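Trainee: Would you mind keeping the following structure in view while I ask a few things?
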Amino acid sequence: SVINVIGLGYIGLPTALMFAKHGISVVGTDYNTNLINSLSEGRLTFEEEGLEELFEHARTNGIKFTTEYQKTHTYVLAVPTPYNKNSKKLDPKYVISALNSVLNICEKGSIIIIESTISPGTIDKHIRLEIEKKDFIIGTDIHLVHAPERIIPGNMLYELEHNSRTIGADDIEIGEKVKGLYSKFCKSDIVVTDIRSAEMSKVVENTYRDINIAFANELAKICRTDNMDVYEIIRIANMHPRVNILQPGPGVGGHCISVDPWFLVGDYPDLTNLILTARKINDSMPRHVLGRIRDIMREHNIKDISKVGLYGLAYKENVGDTRESPTLQLLERMDEHLAFGVKVFDPFVKKRIVDHQFLNFEGFLNEIEILVIMVGHDQIKSNMELIKNKLVLDTKNICSFEDVYKL
Ligand code: SAJ
């Protein structure tokens, strides 16, 4: 039978294509008409290594794209789960509305798989109630599954096939059935567990990474005060067989690592000292970068902020996704006076989204004296010759020449 994948964004689309590639009949649904038109005409809306090829393969295998929901037996929900910056809570509105659309048409005994990241407890607190409101019996009329994704932008297609996965289900048999479905393309272990454990482990994974990065960032600040080389220290410490410290940077961005820990802080405020502190450290990094920029300006007697250029608007290397990016965080934090005139460039961001953004690298370089590397795109790594004559603040430790400022 057909799988209806709902939500064709960064997660839903590659997943739908992967199912289709492996011979499953797939209908991809999204309420965004432009997106559906574009996909139906064979045009992708974001870049990712290997995606074009996979897209062609899935199209050859007959994948369909539509704004309609498909009456069938298996649904995969990969809609966005925005979080509210003020309340620090997840907003399940898109999951709930997609769920209701599914409930309006689905067959009896259908399996509804939620892939979107949700805060622990969301299924018990919100999803089950919605289903019961419509007089469906969970476990008979509808089977609920949570199958959180783990893929990393920049290496998505490889990770879809090679990362292990978690399937949370009320009923082991249903869990095993869904495991069979994902094992069509997932070559790694698939763990079947209960729904709460699946929700929680997903958020724990991202929180672990946030805390590890916060540790590296705190070390960077410590080393700065006494002029020690944090990268050398981490490199040496990591040679210990039980130590694996991540890298410091200008902040933590993206829609996952900088967001998910807040769900735990929101739900367990008295128990999350470590998690909250880590979040605060990572959120403080753009301000630390600003302090470093001021140091360099002072040292070289540069008063004009328009001589400063920020390289990178994306939240990390070799992607164009700017959600929660450290550069946007930095621009927000600079007061109006300071923000006035700071130049910005990112080879992956081809539309103007901030003031003084350049779409041409050389043009950008010509205007600035201080270059702040915020993102370590390959594009700048292969253009070291062009930046050598600038004052460079390298927050990502990627420069191949000696005379640079570090975090
Ligand atoms: N970063 C550092 N130092 C590091 C590593 C990362 O400062 O050593 C920064 C990055 O520059 C970026 C941010 O952290 O701003 C997050 O980037 P990331 O590459 O660590 O992770 P994401 O957000 O792209 O993807 C994460 C992944 N989770 C984990 O590795 C535990 C991915 O597997 C998840 O699928 C994804 O979140 C998600 O959707 O939840």
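The values are calculated or read from the model by the stated rules, or taken from the named source; none is laboratory data. This is a predicted model, so every value here is computed, not measured. For neighbour counting, all protein chains shown are included, and Cβ atoms are generated from backbone atoms with ideal geometry for every residue, glycine included.
Trainee: Inspect segment 258-281 for any residue being part of a loop (DSSP other than H, G, I, E, B) and either of a type in the set (Gly, Ala, Ser) or under 22 Å from the mean Cα position of the chain (by Cα) (or both) and give the result as yes or no. Give the steps one after another, and end with the answer.
Mentor: Narrowing segment 258-281 to residues part of a loop (DSSP other than H, G, I, E, B): 258-259, 268-272.
Cutting the leftovers down to either of a type in the set (Gly, Ala, Ser) or under 22 Å from the mean Cα position of the chain (by Cα) (or both) gives us 258-259.
Scanning segment 258-281 turns up at least one residue that is part of a loop (DSSP other than H, G, I, E, B) and either of a type in the set (Gly, Ala, Ser) or under 22 Å from the mean Cα position of the chain (by Cα) (or both).
Trainee: In segment 149-192, which residue that is of a type in the set (Gly, Ala, Ser) and closer than 19 Å to ASN206 by Cα is farthest from the ligand (Cβ to nearest atom)?
Mentor: Of segment 149-192, the ones of a type in the set (Gly, Ala, Ser) are 154, 164, 168-169, 175, 180, 183, 188.
After this cut, where a residue has to be closer than 19 Å to ASN206 by Cα as well, the list is 154, 164, 168.
Numbers: GLY154: 7, SER164: 11, GLY168: 15 Å.
Out of the qualifying residues, it is GLY168.
Trainee: Now a separate question. Considering only residues that are more than 16 Å from the ligand (Cβ to nearest atom) and among the hydroxyl-bearing types (Ser, Thr, Tyr), look in segment 243-274 and name the one that is surrounded by the fewest Cβ atoms within 10 Å (Cβ to Cβ).
Mentor: Here is the first cut: in segment 243-274, the residues more than 16 Å from the ligand (Cβ to nearest atom) are 265-274.
Pick out the ones that are also among the hydroxyl-bearing types (Ser, Thr, Tyr) and you get 268, 272.
Details: TYR268: 11, THR272: 18.
Among those residues, the one meeting the criterion is TYR268.
For (1) out of contact with any strand residue (DSSP E or B) (no Cβ under 8 Å at 6 or more places or on another chain); (2) without any contact (Cβ under 8 Å) to a residue 60 or more places away in the chain; (3) among the acidic types (Asp, Glu), each residue gets a yes or a no:
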residue: ARG209; (1), (2), (3): yes, yes, no
residue: ASN212; (1), (2), (3): yes, yes, no
residue: LYS221; (1), (2), (3): yes, no, no
residue: ASP226; (1), (2), (3): yes, yes, yes
residue: ARG235; (1), (2), (3): yes, yes, no
residue: ILE245; (1), (2), (3): yes, yes, no
residue: GLY249; (1), (2), (3): yes, no, no
residue: VAL252; (1), (2), (3): yes, no, no
residue: PHE263; (1), (2), (3): no, no, no
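Trainee: So which residues in segment 281-294 are in contact (Cβ under 8 Å) with a residue 60 or more places away in the chain and either outside the structural domain of GLN329 (by TED's automatic domain parsing) or more than 15 Å from the ligand (Cβ to nearest atom) (or both), if there are any at all?
Mentor: Across segment 281-294, the qualifying residues are ARG292, ILE293.
Trainee: I would also like to ask the following. Taking the condition touching a Lys or Arg at 6+ places or on another chain (Cβ under 9 Å), surrounded by fewer than 18 Cβ atoms within 10 Å (Cβ to Cβ) and either assigned by TED's automatic domain parsing to the domain that holds THR395 or free of Cβ contacts under 8 Å to residues at least 40 places away in the same chain (or both), does GLY312 pass? Break it down stepwise before answering.
Mentor: Numbers: touching a Lys or Arg at 6+ places or on another chain (Cβ under 9 Å): yes; surrounded by fewer than 18 Cβ atoms within 10 Å (Cβ to Cβ): no; either assigned by TED's automatic domain parsing to the domain that holds THR395 or free of Cβ contacts under 8 Å to residues at least 40 places away in the same chain (or both): yes.
In short, no.
Trainee: Where the second residue is among the acidic types (Asp, Glu) and in a helix (DSSP H, G or I) and the first is in the same structural domain as TYR10 (by TED's automatic domain parsing) and lies in segment 150-173, which pairs have Cβ atoms under 8 Å and are six or more apart or on separate chains?
Mentor: Within 8 Å, the pairs are ARG150/GLU159; ARG150/GLU205; ILE151/GLU159; ILE152/GLU159; GLY168/GLU199.
Trainee: Another question, if that's okay. List the number of the failed condition for LYS71; all other conditions in (1) assigned to a loop (DSSP other than H, G, I, E, B); (2) over 23 Å from GLY180 (Cα atoms); (3) of a type outside the set (Ser, Thr, Tyr); (4) touching a residue at least 12 places away in the same chain (Cβ under 8 Å) hold.
Mentor: Against the list (1) assigned to a loop (DSSP other than H, G, I, E, B); (2) over 23 Å from GLY180 (Cα atoms); (3) of a type outside the set (Ser, Thr, Tyr); (4) touching a residue at least 12 places away in the same chain (Cβ under 8 Å), LYS71 comes up short only on (2).
Trainee: Let me ask something else. So the check is Cβ under 7 Å with 6+ separation or different chains; which pairs have a first residue in segment 365-382 that's free of Cβ contacts under 8 Å to residues at least 24 places away in the same chain and a second one that's of a type outside the set (Ser, Thr, Tyr)?
Mentor: Matching pairs, first to second residue: LYS381/ILE398.
Each row is one residue, and each column tells you yes or no for (1) within 30 Å of LEU359 (Cβ to Cβ); (2) among the charged types (D, E, K, R).
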residue: ARG235; (1), (2): no, yes
residue: VAL243; (1), (2): no, no
residue: SER258; (1), (2): yes, no
residue: PRO269; (1), (2): no, no
residue: ILE275; (1), (2): no, no
residue: VAL308; (1), (2): yes, no
residue: GLY312; (1), (2): yes, no
residue: GLY320; (1), (2): yes, no
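Trainee: Looking at segment 131-241, what helices (runs of 4 or more DSSP H) fall wholly within it and have at least 1 residues that are crowded, with 19+ Cβ neighbours inside 10 Å and of a type in the set (S, T, N, Q)? So that I can check it myself, show each step before the final result.
Mentor: Values: elements: 156-162, 172-182, 195-225, 230-237.
Answer list for segment 131-241: 195-225.
Trainee: Give the residue, chosen from GLN357, GLN329, that is surrounded by 19 or more Cβ atoms within 10 Å (Cβ to Cβ) and closer than 30 Å to ASP260 by Cβ. So that I can check it myself, show each step before the final result.
Mentor: On the way: GLN357 fails: surrounded by 19 or more Cβ atoms within 10 Å (Cβ to Cβ).
The conditions single out GLN329.
Trainee: With the requirement that a residue be surrounded by fewer than 18 Cβ atoms within 10 Å (Cβ to Cβ) and either outside any helix (DSSP H, G or I) or at pLDDT 95 or above (or both), what does segment 297-306 give you?
Mentor: Residues of segment 297-306 that are surrounded by fewer than 18 Cβ atoms within 10 Å (Cβ to Cβ), as a first pass: 298-304, 306.
Of everything in segment 297-306, those that are surrounded by fewer than 18 Cβ atoms within 10 Å (Cβ to Cβ) and either outside any helix (DSSP H, G or I) or at pLDDT 95 or above (or both) turn out to be ARG298, GLU299, HIS300, ASN301, ILE302, LYS303, ASP304.
Trainee: Before we move on, is LYS93 of a type outside the set (Phe, Trp, Tyr), free of Cβ contacts under 8 Å to residues at least 12 places away in the same chain and either more than 22 Å from GLU68 (Cα to Cα) or surrounded by 23 or more Cβ atoms within 10 Å (Cβ to Cβ) (or both)? Working first, answer last.
Mentor: On the way: of a type outside the set (Phe, Trp, Tyr): yes; free of Cβ contacts under 8 Å to residues at least 12 places away in the same chain: yes; either more than 22 Å from GLU68 (Cα to Cα) or surrounded by 23 or more Cβ atoms within 10 Å (Cβ to Cβ) (or both): no.
So LYS93 does not fit the description; no.
Trainee: With (1) modelled with pLDDT under 95; (2) more than 14 Å from the ligand (Cβ to nearest atom); (3) surrounded by 19 or more Cβ atoms within 10 Å (Cβ to Cβ) as the list, and ASP321 as the residue in question, which single condition is left unmet?
Mentor: In the conditions (1) modelled with pLDDT under 95; (2) more than 14 Å from the ligand (Cβ to nearest atom); (3) surrounded by 19 or more Cβ atoms within 10 Å (Cβ to Cβ), ASP321 misses (2) alone.
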